[in-house]
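K.L.:
Input: one structure, supplied below.
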Amino acid sequence: MTLAELIASDPNLSLINQALINSGLIKEISGKGPYTVFVPTNEALEKEFSNPSLGVTKEQFLNDLQNLKHIGQYHIVENKSITSRQVREDMSVETKSGEIIDLSYENDIFRAGGATVIGRDKLADNGVLHIIDKVLMPVKALA
């Protein structure tokens, strides 16, 4: 099972699955890999959309393909399959967007870019999936 199939099989990840389809990133994480993918739950995405400072609705988010792809790439690490056991107290990895996210694992709590990993080490044929409790927002915003 690929990462794309693993995401599609979980009803709690249906919004991120739709975002990955819309952005075209689903094809990439269906490929050979390896990849490490951090995906927010439907609940995390809905919480983000209810935040007035975001300034977009769920529909606007899912249809803004340029920003959708950029934000999606910020959740993907290429050429590495990183499990929680490989994360030390503090480490950084470059995402597909070219930006860095910090990873930490301390006192049995795994964090990625400020999000808490609530479902870790879901292994696929082409990498590893980690489910997170919030959307990671890239520092570099698109114009």
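The values are calculated or read from the model by the stated rules, or taken from the named source; none is laboratory data. Values in this document were obtained by computation on a predicted structure and should not be read as measured data. Please note: Cβ atoms are built from the backbone with ideal geometry, for glycine as well, and neighbour counts cover all protein chains shown.
K.L.:
Please give the number of the condition residue 123 fails out of (1) exposed (fewer than 14 other Cβ atoms within 10 Å of the Cβ); (2) in contact with a strand residue (DSSP E or B) (Cβ under 6 Å, 6 or more places away or on another chain); (3) closer than 18 Å to residue 33 by Cβ.
P.N.:
Among (1) exposed (fewer than 14 other Cβ atoms within 10 Å of the Cβ); (2) in contact with a strand residue (DSSP E or B) (Cβ under 6 Å, 6 or more places away or on another chain); (3) closer than 18 Å to residue 33 by Cβ, the lone unmet condition for residue 123 is (2).
K.L.:
Taking region 23-37, which residues are in a helix (DSSP H, G or I) and either closer than 11 Å to residue 79 by Cα or in contact with a Lys or Arg (Cβ under 9 Å, 6 or more places away or on another chain) (or both)?
P.N.:
23, 25, 28
K.L.:
Can you find a residue in region 79-89 that is of a type outside the set (D, E, K, R), buried (at least 17 other Cβ atoms within 10 Å of the Cβ) and more than 16 Å from residue 117 (Cβ to Cβ)?
P.N.:
No, every residue in region 79-89 fails to be of a type outside the set (D, E, K, R), buried (at least 17 other Cβ atoms within 10 Å of the Cβ) and more than 16 Å from residue 117 (Cβ to Cβ).
K.L.:
Do you know which of the residues in region 47-94 that are under 17 Å from residue 14 (Cα atoms) and in contact with a Lys or Arg (Cβ under 9 Å, 6 or more places away or on another chain) is modelled with the highest pLDDT?
P.N.:
Here the residue is 75.
K.L.:
Could you please find all residues in region 103-139 being touching a helix residue (DSSP H, G or I) at 6+ places or on another chain (Cβ under 8 Å) and assigned to a loop (DSSP other than H, G, I, E, B)?
P.N.:
If the condition is that a residue be touching a helix residue (DSSP H, G or I) at 6+ places or on another chain (Cβ under 8 Å) and assigned to a loop (DSSP other than H, G, I, E, B), then 126, 133, 134, 135, 136, 137, 138 are the ones that fit.
K.L.:
Separate question: Looking at region 26-75, which of the residues that are β-branched (Val, Ile, Thr) and more than 14 Å from the chain's Cα centre (by Cα) is surrounded by the fewest Cβ atoms within 10 Å (Cβ to Cβ)?
P.N.:
Looking at the filtered set, the residue picked out is 57.
K.L.:
I would also like to ask the following. Determine the pairs where a residue that is among the aliphatic types (A, V, I, L, M), located within region 30-47, has a partner that is part of a helix (DSSP H, G or I) and modelled with pLDDT of 95 or more with Cβ atoms under 8 Å apart, the partner being 6 or more residues away or on another chain.
P.N.:
So the pair list comes out as 37/3; 37/7; 39/7; 39/13.
K.L.:
Starting from region 9-24, keep only residues that are over 12 Å from residue 63 (Cβ atoms), then list their pairs with residues that are acidic (Asp, Glu) and assigned to a helix (DSSP H, G or I) whose Cβ atoms are within a distance under 8 Å, requiring at least 6 positions of separation or different chains.
P.N.:
As it stands, the answer is 12/43; 15/46, since those pairs meet every condition given.
K.L.:
Next question. Tally the residues that are surrounded by fewer than 21 Cβ atoms within 10 Å (Cβ to Cβ) and closer than 12 Å to residue 40 by Cβ, restricting the search to region 16-25.
P.N.:
Residues in region 16-25 being surrounded by fewer than 21 Cβ atoms within 10 Å (Cβ to Cβ) and closer than 12 Å to residue 40 by Cβ: 1 in total.
K.L.:
Are any of the residues in region 98-117 charged (D, E, K, R), surrounded by 14 or more Cβ atoms within 10 Å (Cβ to Cβ), closer than 20 Å to residue 2 by Cβ and in contact (Cβ under 8 Å) with a residue 24 or more places away in the chain?
P.N.:
No, region 98-117 has no match at all.
K.L.:
Say whether the condition of being in a strand (DSSP E or B) and either of a type in the set (Phe, Trp, Tyr) or closer than 15 Å to residue 134 by Cβ (or both) is met by at least one residue in region 83-102.
P.N.:
Scanning region 83-102, I find at least one residue that is in a strand (DSSP E or B) and either of a type in the set (Phe, Trp, Tyr) or closer than 15 Å to residue 134 by Cβ (or both), so the answer is yes.
K.L.:
Considering (1) touching a residue at least 24 places away in the same chain (Cβ under 8 Å); (2) over 22 Å from residue 124 (Cα atoms); (3) not charged (D, E, K, R), say which one residue 75 fails and leave the rest.
P.N.:
(2)
K.L.:
Testing residue 90 on (1) within 14 Å of the chain's Cα centre (by Cα); (2) more than 23 Å from residue 21 (Cα to Cα), one condition comes back false. Which one is that?
P.N.:
Failed condition: (1).
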